[in-house]
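Here is the structure we will look at.
The values are calculated or read from the model by the stated rules, or taken from the named source; none is laboratory data. Quick caveat: nothing in here was measured; it's all calculated off a predicted structure. Backbone-built Cβ (ideal geometry, glycine too); neighbour counts: all protein chains shown. These accessible areas exclude ligands, DNA and RNA; they are computed on the full protein's heavy atoms, side chains included. Shrake-Rupley method; radii C 1.70, N 1.55, O 1.52, S 1.80 Å.
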Amino acid sequence: MIHEPPRLTIRTGFARPTPAQIDAFRDVPTGFVCDAMQGRGALATEIAPLSARLPGHAVGVALVADNGPEEILATMGALHVMQPGDFIVSAVRGFTQCSAAGDQFMGMLNNKGAAGFVTDGAMRDLEGIEEVGLPAWCVGLNPNSPFSNGPGYVGFGAVVGGQMVNSGDILVGDSNGVVVVPFAQIDTVIAALAAVKDAEETLEANVKAGGADMPAIEEMLADGTAVMVD
């Protein structure tokens, strides 16, 4: 027989990135961040910006609230212990038949200085959330209410949108989605961003000048790894 866990378990002692590490991702497009991680790191496509009327870019420290389906207790715990600049992650196992947050909760997060909010569930109170102005990503809208029975876990990790997100990771969100930069890889990704930016600027200049060549395909045709057939 297993013992019932506490309704809520909160961990605050996880490692956090430095302000300089966070600032290195300010205004950096999510596509650049993914390219700096070998084309990976984004949450699933269905986790999208809630509204175009909300700020289009956010970066912050992941604070993971691991709820069960139809639950919000861990997210409430995250609000209680969050620090300014935290990016709240409400994991609900992909359950979409109720909301994971509404406008009043988003207002409280905004009052405490949250950087953003992301969930693999739904949200509600669209107009009110737009008025609050805190960036948010979710899978859609549903006005049903969640419960707060637990068990819930704050400050640990959870799989959200196909990606493992741990508290202390850096999250970057924009109109294309949300990307997870694992804590252990932060400096490596920052170092790679410079080359990504340079390559993107070079390619953009080429395209704007009329370029449409595919050198990689030309090389494959030349060395026989690609062939032309009738």
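The table below gives the values:
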{"read-out": "For Phe147, residues with placed amide H under 5 Å, excluding near neighbours", "value": "Glu71, Ile72"}
{"read-out": "Fraction in percent of alpha-carbon pairs per bin - 5 Å, the range 4-97", "value": "2, 10, 17, 21, 21, 16, 9, 2, 1"}
{"read-out": "Point-charge dipole on Cβ atoms (K/R +1, D/E -1) for the chain, about Cα centre, debye to 20", "value": "1000 debye"}
{"read-out": "Accessible carbon and sulfur surface of the chain relative to its total accessible area, %, 1.4 Å", "value": "55 percent"}
{"read-out": "The range 140-220: mean projected area of Cα convex hull, nm²", "value": "9.8 nm²"}
{"read-out": "Amide H within-cut-off set for Leu8, under 5 Å, with H built and near neighbours excluded", "value": "Gly152"}
{"read-out": "Space enclosed by the convex hull of the alpha-carbon atoms of the range 1-56, per residue, Å³", "value": "226 Å³"}
{"read-out": "Kirkwood estimate for the range 14-160, i.e. one over the average of 1/r between Cα atoms, Å", "value": "15.3 Å"}
{"read-out": "Rg and Dmax of the range 50-107, Cα atoms only, in Å", "value": "11.8, 30"}
{"read-out": "Antiparallel %, DSSP beta bridges [both residues in the range 111-230], to 5", "value": "75 percent"}
{"read-out": "Descending semi-axes in whole angstrom, ellipsoid equivalent of the range 87-165, from the Cα gyration tensor", "value": "19, 15, 12"}
{"read-out": "Diffusion coefficient, µm² s⁻¹, Stokes-Einstein with Kirkwood Rh over alpha-carbon pairs of the range 91-230 at 10 °C and 1.306 mPa s", "value": "84 µm²/s"}
{"read-out": "Inverse of mean 1/r across different Cα pairs in the range 180-230, Kirkwood, Å", "value": "14.0 Å"}
{"read-out": "Positive-end extreme of charge dipole, the chain - chosen from Thr225, Tyr153, Val64 (charges on Cβ)", "value": "Tyr153"}
